[in-house]
Amino acid sequence: MRFGEYELTLPLIPALVVLVLIGVLISLGAWQLERADEKREISREILERQETPLSRLPLEVTDPESLRYRQLKLVGRFEESRQFLLDNQMNQGAVGLNVLTPLKLSGRDDVVLVDRGWLPWGVDRSQYPDISISPETVSLTGKVYVPYGKGFRIGEMDNGEGDWPKLIQYLDFDRLSELLGYPVLPLTVRLGSPEDAGYQRNWVSLTANPQRHVSYAIQWFALGAVLLVIYLALHLKRVDPPPQTEEADREI
């Protein structure tokens, strides 16, 4: 393919490889734009639901996502002897765990997990922090959190041992119900800041930043463009004009 004094030659196999790589980069950029749209929707959802009045849990939770981010008032008793420690939780760059305590709701057969906040790991991970709490009836407020999908999971939720508290890697509400012996609602309630029954509570996941994903998308698209330019530049060569013959020189 000629472009004036330049000629572009594209070997088949390298060209196909480059096209595949560019396609992957474009796909990653498009995925990040989709994530940005999701975060915009989450932000809108957060603002709308946080403005709703304080309410109680419905008797039947058939659609837990409809409760996401709503403020709730709960009355019940904490199961102090059977608590869960959600591992690998970050807080301001430090690794720790979130304390999830079952709350037996007054007048109901099911329980809800109350996220009491974050604690750092000590020097020895075999020694769990003191998470004791009074089993007396309490009234508290918090916001509902429902995970978006199942998230990233490797292996089992817990190690299967019988000791309490149980260290868990993620939330599997069916497994949690099995361990406790009674139904667990498929949501958690994150303890509000005025409550004194918890630990550090920087609920950063209740904010959404779509601009970050837009920035990532631009980076992926830019990498694709750079790859294309570099590949074309490597295969675009200047073609020397053909030498003039002696006869042509005499005519001139």
I'd like to check something: does the range 89-103 contain any residue that is open to solvent by less than 50 Å² (accessible area, probe 1.4 Å), touching a Gly at 6+ places or on another chain (Cβ under 6 Å) and modelled with pLDDT of 90 or more? yes
Hey, residue 67 open to solvent by less than 70 Å² (accessible area, probe 1.4 Å), within 28 Å of the chain's Cα centre (by Cα), more than 30 Å from residue 218 (Cα to Cα) and modelled with pLDDT of 90 or more or not: no
Could you tell me whether any residue of the range 228-246 is acidic (Asp, Glu) and modelled with pLDDT of 85 or more? no
Would you please list the contacts, defined by Cβ atoms under 6 Å and residues six or more apart or on different chains, that run from a residue in the range 54-82 that is farther than 17 Å from residue 139 by Cα to a residue that is basic (Lys, Arg) and open to solvent by less than 60 Å² (accessible area, probe 1.4 Å)? 69/49; 69/143
Within the group 148, 128, which residue is surrounded by 15 or more Cβ atoms within 10 Å (Cβ to Cβ) and assigned to a loop (DSSP other than H, G, I, E, B)? 128
Which one of these is out of contact with any strand residue (DSSP E or B) (no Cβ under 6 Å at 6 or more places or on another chain) and over 15 Å from residue 84 (Cβ atoms): 130, 163, 172? 130
Checked pairs for the range 4-24, first under 17 Å from residue 237 (Cα atoms) and open to solvent by less than 90 Å² (accessible area, probe 1.4 Å), second modelled with pLDDT under 75 and charged (D, E, K, R), C-beta under 9 Å and 6 or more apart or across chains, list as 7/237; 7/238; 8/2; 8/237; 9/237
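Residue-by-condition table, conditions (1) over 19 Å from residue 129 (Cβ atoms); (2) of a type in the set (Phe, Trp, Tyr); (3) more than 20 Å from the chain's Cα centre (by Cα):
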residue: 77; (1), (2), (3): yes, no, yes
residue: 82; (1), (2), (3): no, no, yes
residue: 86; (1), (2), (3): no, no, no
residue: 108; (1), (2), (3): yes, no, yes
Selected residue (only one of 215, 205, 177 is open to solvent by 40 Å² or more (accessible area, probe 1.4 Å) and at pLDDT 90 or above): 215
So if I check each of 198, 122, which one is loosely packed, with under 12 Cβ neighbours inside 10 Å and not in a strand (DSSP E or B)? 122
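The values are calculated or read from the model by the stated rules, or taken from the named source; none is laboratory data. Predicted, not measured: the structure shown is a model, and the values here were computed from it. Virtual Cβ from ideal backbone geometry, glycine too; neighbours counted across all protein chains shown. Surface areas here come from the heavy atoms of the whole protein model, side chains and all, with no ligands, DNA or RNA. Shrake-Rupley method; radii C 1.70, N 1.55, O 1.52, S 1.80 Å.
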